[in-house]
Amino acid sequence: MAKKKEKAAAKEETVQAVEGELEDEEVADDNSPEAYALTGDYRTDYNEICKRSELAPILLKQRGQSPASLGTEPAEGVPTTYTTKDKYEYLKPCVEVEQDDDNKDSIKSFYIKGWKVSTGILNVLNLAAPQTLTTISFWRCGLDREALHIIVNMLSKIAIRSVSLDGNPECAGHFHLLLSEDCTISSLSLRSNKISCTDIALFSTALATNKSLTNLSLHNNSIEDEGAQHLARGLRMNRTLLTLNLSGNKLTDVGTKALSEILTSLTLSHEEIVARRKLISENKSALATDDPPTTPGGRTKDRPGSNSRTGSHTALDKKGKGGASGKGNKKQDKMEKPGTKDGRKSDMGNKGKDDKRKGAADAKKGNIKKGTAGKKYQEEKEQEPEVVEFSNPLLESNMSEKEGKIVVPGNYALTCLNLNNNAIDDNGITYLYKALHFQENSTMKRGIKGLLRLTLKNNRYDNESRYYTELVDIMTRRDPFYEQPLIEEDQSNITAQT
């Protein structure tokens, strides 16, 4: 009996010990950095997460001001040459931040420059990042693959629009991770990262399906002609990227030809044709589900509350041979809407009256001006830039057939291309001229003009060659910021008249 009591007591002690350990673990979990709930005050959140991570917090400095921690007011008084602080203060690691416009306790961007960022600090920045954050920049911070994964995790939680990772060559082969399916980046800078042709191949594959990136800078990398061909394949189906910077690389005429070809027209491959048929089939099935129900004879039944002005009636309805506007309802329609033969009131007279009333109201408000001023107003209104939305190139309606192959328009979304400081020869200039000449004379939708800016400084072509001169002439006309010089009147005619 005594032995049983001893065993029971020992068992109870064991259970209590286990429960105590579990409670300690729960307390430890509550004090972990991941369990911390953000308060909305970035400085408080940042310091608390550093404390829980057992890391010394890096100084937070307001961007564009003298070195001072976030939230402190500048010292009063006029600075003099002999009132200095620590002479090494400007060289200490810091995180430059910009406060959010709406919430001064939060931030909208942070910038880190010129010091090795550990994974611990990156985890703190990741956990403390507020939803207002839109811009991050790491310039020469020694980022590696693990650090890049932490940044990708940050991007998956917050809708960051601008990312700059210049001068981090150890991540060169992993930048494609930034262009995930839920990517929200619109501006990406990857300058001076020693990106090779192999590295750009993976990035170009992700670029082909990306729907958010509009500005990409690959300045001062190691991209050669093979890399340019990979980029050209990535831009075949991409209709989002507007600006591409390839200056300071190693492109020659071969790479320039690959980039020029996608600006004209594209011959669909077998895989692209299969994808096109699949998309067309999916669109037809989607439209079929939205169609109104039909009678056994194939006529369309009108939905409740349909209106003939919206085009919901069929051609038979308009003639009065079926549906709600048929013979049975003709008399009722006449009673409800007199003034037309088929019982539907004409829009022409009212439309004119409505336009006159609207025009008078607008003129009264000062929206429309009469005479030459009104003409000038209309001209300025027509010159306003239009927002152009590009459809899927596989579903392009402006397609043609050539030698049994389907040909669709090329990439007209790319508007700015920077090819400075490469090795482009006269042949490359010829390819670019033919591509721009093709865009100049092709018929596209209103507002779609193609490449508008092209820079080619410090290459190997002849500045006095025929194709270069004509290319400059084309790009001068296409540049939206170009202003044609005014023609000065002949001074001799003016003096003769006087």
To the nearest 0.05, the calculated FRET efficiency linking Asp101 and Asp426 through their beta-carbon distance, R0 being 51 Å, is 0.50
Sorted on mean Cβ neighbours within 10 Å (highest first), peptides 198-211, 149-162 come out as 198-211, 149-162
Given 234-247, 398-411, the highest-first ranking by average Cβ count within 10 Å works out to 234-247, 398-411
Going through Lys61/Lys157; Lys157/Lys457; Lys278/Lys402 one by one, the pairs whose alpha carbons sit over 29 Å apart turn out to be Lys157/Lys457
In debye to the nearest 20, the charge dipole size for the stretch 113-166, taken about the Cα centre with +1 at each Lys and Arg Cβ and -1 at each Asp and Glu Cβ, equals 100
Whole-percent carbon and sulfur contribution to the accessible surface of the stretch 137-176 (1.4 Å, no ligands, DNA or RNA) stands at 48
Using a 1.4 Å probe on heavy atoms of the protein chains only, the accessible area for Asp102 in Å², nearest 10, reads 150
Neighbours of Cys197 by Cβ distance under 11 Å: Lys/Arg at +1, Asp/Glu at -1, summed charge -3
In whole Hz, the Karplus estimates of ³J(HN,Hα) for the stretch 235-243 (6.51, -1.76, 1.60; θ = phi - 60°; x where Gly or Pro) are 8, 4, 9, 8, 10, 10, 5, 10, 10
The correct ranking of Ser186, Ser180 by accessible area at 1.4 Å, largest first, is Ser180, Ser186
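The values are calculated or read from the model by the stated rules, or taken from the named source; none is laboratory data. Bear in mind that the values here come from a model prediction, so they are computed numbers and not experimental data. Glycine gets a Cβ as well: all are built from the backbone with ideal geometry, and neighbour counts include every protein chain shown. Just so you know, the surface numbers come from the protein's heavy atoms only, side chains and all, with ligands and any DNA or RNA stripped out. Shrake-Rupley method; radii C 1.70, N 1.55, O 1.52, S 1.80 Å.
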